[in-house]
Amino acid sequence: MEVDMVPSRHVLLMVCLVSSLTGGLIGSLVAPIRPVTAQDASPVAKVLSAEEFRLVDPSGQARAVLTFSSDGQPFLHFKDKNDVARISIGISSETGTSIRDVDGKTRVVLSVDDEGFPSLVVRDRNHQTNSFHPGQGKSHR
């Protein structure tokens, strides 16, 4: 009498399944999975110091500049694509903000003088100026 020594497919499938589960379980206990990174993340600087900061567009043109004026006061200039400083904010004898048109002509100035009096000056393209000085009770055309 000859015995068939070829195991059935079901038995082979069960052996493979049990072996896989056992190998996976033993592998995870022996060598637990840890996240891997190429390098440690650099800490974020809490303070960044410089004498000038430039924000550049994709072509490398400075579009915003935070710097100092000739008398050492901080100034922020926003420039258009034609390199015209359109908005400037800074400290000077009259601390304030100025807005320029596409030609670089100042059209609006909002400022506070050394004595703390605010003023608003508006100029049109014909150089007609209107100003408002609420702390001094003045308005000029």
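The numbers here are math on the coordinates, done by the rules we state, and not lab data. In this text, all values refer to a predicted model and were calculated from it rather than measured experimentally. Cβ atoms come from the backbone with ideal geometry, glycine included; neighbour counts cover every protein chain shown.
Contact order, relative form, for the range 53-140: 13 percent (alpha carbon pairs under 8 Å, 6 or more residues apart, mean separation divided by residue count). Rounded to the nearest 20 debye, the dipole size of the range 53-140 about its Cα centre is 360 debye, using +1 on the Cβ of Lys and Arg and -1 on the Cβ of Asp and Glu. Per-residue 3J(HN,Hα) values for the range 111-126, derived from phi via the Karplus relation 6.51 cos²θ - 1.76 cosθ + 1.60 with θ = phi - 60°, read 9, 10, 7, 4, 8, x, 8, x, 8, 10, 10, 10, 10, 8, 5, 8 Hz in sequence order (x marks Gly and Pro).
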